[in-house]
Structure formats: structure tokens, C-alpha cells
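J.: Have a look at this one.
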Amino acid sequence: MLFQVRDLHVSYGNIRAVRGVSFEVDKGEIVTLIGANGAGKSTILNTIAGLQAPDSGTITYQDEPIAGIPAHKIVERGMVLVPEGRRIFGNLSVYENLRLAGFRLDEPVLKQRLSDALKRFPQLESRQHQRADTLSGGEQQMLAVGRALVTGGDMMLLDEPSMGLAPILVREIFNILKNINRDGKTILLVEQNAHQALRLADRTYVLETGVVTLSGRSADLIQNADVQKAYLGG
Amino acid sequence: MDLDTLAQQFLNALQLGSLYALVALGYTMVYGVLLLINFAHGDIFMFGAFIGVFGAFVLGLPFLPTLLLSMIITALLGITIEKVAYKPLRHASRLSAVITALGVGLLLENGMLALTGADPRRYPDNFFAASVTIGDTTLELSVRIVIIAVALILFLCLYYIVQRTKWGMAMRAISYDKFAVPLMGVSQDRIITLTFVLGAGLAAAAGILWGVAFTASLSPYMGLRVGWKAFIAAVVGGIGDIRGAALGGLLLGFVEIFVVALGSPIGISSSYRDLVGFALLLVILVVRPTGLFGVARRQKL
């Protein structure tokens, strides 16, 4: 197993946001965690990425425990997070955002990754020298994913890439994620947009108020009456 | 005022302004990265000037080696202050950090006073003998021109680092959104360290140049007035923006020199210098509350 979370507990002050969550991701998979606002999805991703310290539980990546390692070191292990709300650096140019994402890289690798990322997002290429905050929401999301491609690693974590985007753009982003996965990257996706997430992911975990209530193959969960009622408006 | 006097005053203003600018850069960079107003920065400037005294008298070094030595040692002081005094407070309230900064400033002032005594110091007479020999001709350089040139070179180096290197990109990125910076594989601590190295190094250079420009003026309290003025220059320029700090410093230099130069013939005493200067800057802040280069920060949720 490439990645495992076992009995993870995380809290903010007195609020216990994540209460004993376990799940796993195999190499080459797309796995999604779906759930409503406040279910603890972002907390889980931020904890994995090293931005938040867990109370207890283990996180294992490539057979090594990574819980509690600071975020910039997690990146070195080969895992990258596309955070909620994109968090692009609006005061930097598009190029500088991508360049900064390759901070640790040697020149030849950096060049290769930059050109790969721009090939994946041709819209960004013509806007390289624009300030990133002049981009539209969809372009900003593409920049956020492009940045993660430059940073590199075997596994990409994405926190609500569909947030605030028109349906057509959501489909475009999800298609790109599908392609990135096909090219070999393992993906862990957190989403409120259950429709799109279920269609993209191989397996799905349903999260409610900090615990996993349901899990299985996405194709099966789509048929599940409870899931349809709660998340697919059906 | 005849043309020659005007040119002289212009040079005076450039000299004073570029010294304010060098100090203002340190305020603005630390604020950009940590949202901390480092009120010890004026005393770091003083410390740099006194390392110059040490280098010139004790080691007998000439101007340029003294300048470099002081920049390096003062940069180490900057790192130490950050690690010992500010880092433990990174998640404390802003007020605690500001009070600590004032405390660090007092420590530096009084520590230097205890170490060197209250008599004003000056650099040796032959400390700054600026002449260039090309072939058979020796060119005497004006002190002011050299000071302005050194300040300009240092600013251009800084500008290059901030605008063109990945380290500078990381500094600017932290000032925009520090949450996302570690996700790029960048250690925030190392960027903060770099910021203090650059800020303290420039302040040290300004300290040495100050001692060269205004002889017999090195006292442990010399950083107070200069520090406040440079801080104001940084705010007027738009705190967090290095172009703003440079411009704010120059502006303050010009205002101070020309209030005296133009005021004394018409009976305005030179003791009104600060009053007129600060009033003008206040007007700028009323018109542009975020400073000349500042942009209003969106409150990020």
C-alpha cells in the first residue's frame, strides 16, 4: 500500500475535527473523500501535508511514518498538496508561481517540469508574465495544479479543486486530473462536489462529522440509496 | 539660492535620503515577511556603525573591509535577535512581539553604552580617503558621491535578490500568503533568516556610511532618531514594498534638507525641520493611507 491513515484524531482547540479516521490509497489510484462542510475533510488533508499536527494516529507513506513532519519536508518525501481556495501567490507572476513551486529542484529537472506543466495548461503559457491575481478562477485553479506538477512527487492531494468554478470548468479540471493520474500520479481528492468526485475516483470514502461512515468502490456508492439521497440530490 | 548651492543641497539630500532608505528597507522587509515592526532596527543600525569603529581602530582596517566586516557581523546579530527574541513569539500576539522588539532595542543601546561609554565616537581621519588612481592621474572622490553610489549599489543588489531569485520570490510569496509557502517545499524559517540577514546587513552599511558622512556623531543612541525616521519613510513608501522604502527614504531626505535650505532665508528656523517634514509626510498618508507603493490588504479568511 502506497499510503495509509490509521485512527487519525485531529482537533483545533476544543473542537475535535477528525475522530478516528482510517483509509488507504494504493499506487496509481484516485481516491476521494466526500462529505459536507465541516466533515473534517480539509483537516485531514492539511494534517497529511504537515500543516497541522495530529493528536494521535499514524500516517504512512511509502512505508514510512510521516505524521507530524513539517510541510516543507513532506514535499521532499514526494507528496504535494493543492490547498483549498487555490492559494496562488497573487503578487507574483504566473511564471514565478511555477518557479517557486520548484524551489528545491536542480536546474535541468526544473526546466523539464516547467515545460511539462505549461504543456498541460497552455492557457497559462501565454499569461506567464501576468500577475497571478489577474487570472480567472479557473485559470487560478489550473495554476495551483500546475504548481503541484512542478513541485512533483508520486502523490497529489487536492482540496476542493471544484470550489467556486462553473460546471464546465469543473469538468475540465477533472479531466486534467484524470490525465495526470493516467500519467502515473496517485491522487487523493477531497470534494463537496460528490457528483464529479464519484465519477472520477476509483474508490470513495464518505465522511460525516469527523468519522468515515461509508466506503467502497465509487461505482457501487453511486448506486447506494443513502449516498444518492445525501450527496447526489436524488 | 544659486545653482552651485542648489547642486550641493541636492547632493546632501540624496546622501541623507539614501541612508534613510537603507535603514527603511530593513523595516519594510521584516514587516513584509513577519508582519512585525522591528523597533530594534534603528539600534541594529547603531550596532553596525560601532562594529565599524572596532574594525577601523582595533583592527586598523580601511573603509571597504570595515564595511563588509560590519555587514557580516551585524547580519549575525540580526539572525540571533530573530532566533532568540522573535521566533518564540511567532504565534503570540503582535503586541508581545512589538514590546519585545522595543526591549531588544533598549538592550542594544544600553549594552553598547556599558561597553563603550557615552563619549561620541568618530572614525579615524584617514578612514575614508576616497581616491582612484587611473594611470598617472589621481581622482579625488567626493564623500557624498561615494556614499550615494554605495547605497545605490546595495539597493540594486537587494532588488535583484528580491525580484529575480527564488529566495526573493519566496520572500514576496510569504508576504502575500504564508500558509501556502511550505507547500512549495520552502522552509519558512530559512526565508525569515534571510530577511534578517539582508535587513541587518543594509542597516550596518548605513551605519558605517552615516559615520563617514556625519563625523563625530556615533553614539549608542544614534539609532533612535534615524530608526524612527526610517520607519516613517517605510510607512510613507508603503510598508512591505522595497521600492516604497527606497522612495520614502529619499523623499524624507529631500524634505529635511530643503526645508532648511529654503526655509532659513525666509526666517524659518532649521529647528522646524522635523515639524515641516513630518507634516508633509502626514499629508501623504492622509491622501494615500497605504503609502506610495502600498496596496490595501484584503483580509483573507
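Where a number appears in this text, it was derived from the coordinates with a stated rule and is not lab data. Because the structure is predicted, anything quoted here is derived from the model rather than measured. Because the Cβ atoms are built from the backbone with ideal geometry, glycine has one as well, and the counts that use them run over all protein chains shown.
J.: Taking the Cα centre of chain A as origin and charging only Cβ (+1 Lys, Arg; -1 Asp, Glu), how large is the dipole, in debye to the nearest 20?
T.: Details: 26 positive and 26 negative charges, 76 e Å.
That gives chain A a dipole magnitude of about 360 debye.
J.: Something else now. Between B:VAL286, B:LEU69, A:ASN37, whose Cα lies farthest towards the positive end of the dipole of the protein assembly as shown when Lys and Arg beta carbons carry +1 and Asp and Glu beta carbons carry -1, centred on the Cα centre?
T.: Projecting each Cα onto the dipole axis, the largest value belongs to A:ASN37.
J.: So, with +1 on the Cβ of K and R and -1 on the Cβ of D and E, and no other charges, what is the size of the charge dipole of chain B about its Cα centre, to the nearest 20 debye?
T.: Its charge dipole is roughly 1320 debye.
J.: Putting +1 on Lys and Arg Cβ atoms and -1 on Asp and Glu Cβ atoms, find which of B:ALA56, A:VAL94, B:LEU108 reaches farthest to the positive end of the dipole of the protein assembly as shown.
T.: A:VAL94
J.: In chain B, which whole DSSP H runs stretch at least 24 Å along their own axis (Cα) and average 0.5 or higher on the Kyte-Doolittle scale?
T.: B:3-34, B:63-81, B:94-116, B:143-164, B:188-213, B:242-263
J.: Next up: Quick check: pseudo-label points 7 Å beyond the Cα along Cα→Cβ at B:LEU262 and A:THR58, how many nm apart are they?
T.: 7.5
J.: Any idea what the relative contact order of the range B:236-297 is, in percent, if you count C-alpha pairs under 8 Å spaced at least 6 apart? Mind dumping the intermediate values first?
T.: Values: 60 pairs, mean separation 30.2, N = 62.
So the answer I get is 49 percent.
J.: Roughly what % of DSSP beta bridges within the protein assembly as shown run antiparallel, to the nearest 5?
T.: Looking only at bridges with both residues in the protein assembly as shown, the antiparallel portion is about 60 percent.
J.: Can I ask one more? From the residues A:GLN123, A:GLY57, A:ILE69, which one has its Cα farthest along the dipole of the range A:30-177 in the positive direction, the dipole being from +1 and -1 charges on Cβ of Lys/Arg and Asp/Glu about the Cα centre?
T.: About the Cα centre, the residue reaching furthest to the positive side is A:GLN123.
J.: Along the Cα→Cβ direction, 7 angstrom out, place labels at A:ASP116 and B:LEU285. What is the inter-label distance in nm?
T.: 5.1
J.: Around A:PRO83, with a cut-off of 11 angstrom between Cβ atoms, what is the net charge of the other residues, counting Lys and Arg +1 and Asp and Glu -1?
T.: Summing Lys and Arg as +1 and Asp and Glu as -1 gives -1.
J.: Oh, and also: Placing unit charges on C-beta atoms (Lys and Arg positive, Asp and Glu negative, everything else neutral), compute the dipole magnitude of the range A:34-134 about its Cα centre in debye, rounded to 20.
T.: Here the size comes out at about 340 debye.
J.: Applying 1/(1 + (r/R0)^6) with R0 = 56 Å to the Cβ-Cβ distance of B:THR80 and A:VAL109, what FRET efficiency is obtained, to the nearest 0.05?
T.: Details: r = 36 Å, r/R0 = 0.63.
FRET efficiency, B:THR80 to A:VAL109: 0.95.
J.: Run the numbers on chain A and let me know its relative contact order in percent, using alpha-carbon pairs under 8 Å that are six or more apart.
T.: Relative contact order here is 27 percent.
J.: At a threshold of 8 angstrom on Cα-Cα distance, excluding pairs fewer than six apart, so keeping six or more, what relative contact order does the range B:14-220 reach in percent?
T.: Result for the range B:14-220 is 44 percent.
J.: Just B:THR74, B:THR165, B:THR193 to compare: in a GNM of chain B, with alpha carbon springs under 10 Å, which one fluctuates most?
T.: Maximum among the listed residues: B:THR165.
J.: Return the calculated 222 nm mean residue ellipticity for chain B, to the nearest 500 deg cm²/dmol, obtained by summing -39500 (n - 2.57) across DSSP H runs with n ≥ 4 and dividing by the residue count.
T.: On the way: 10 runs with 199 residues, N = 301.
Theoretical 222 nm ellipticity from helices: -22500 deg cm²/dmol.
J.: If you don't mind, there's one more thing I want to ask. In the range A:120-152, which residues have a backbone nitrogen under 13 Å from the label point lying 7 Å from A:ALA166's Cα in the Cα-to-Cβ direction?
T.: Within reach of a label on A:ALA166, which here means backbone N under 13 Å from a point 7 Å along Cα→Cβ, the range A:120-152 contributes A:136-139.
J.: Antiparallel DSSP bridges in the range A:152-231: what percent, to the nearest 5?
T.: Roughly 55 percent of the beta bridges in the range A:152-231 run antiparallel, per DSSP.
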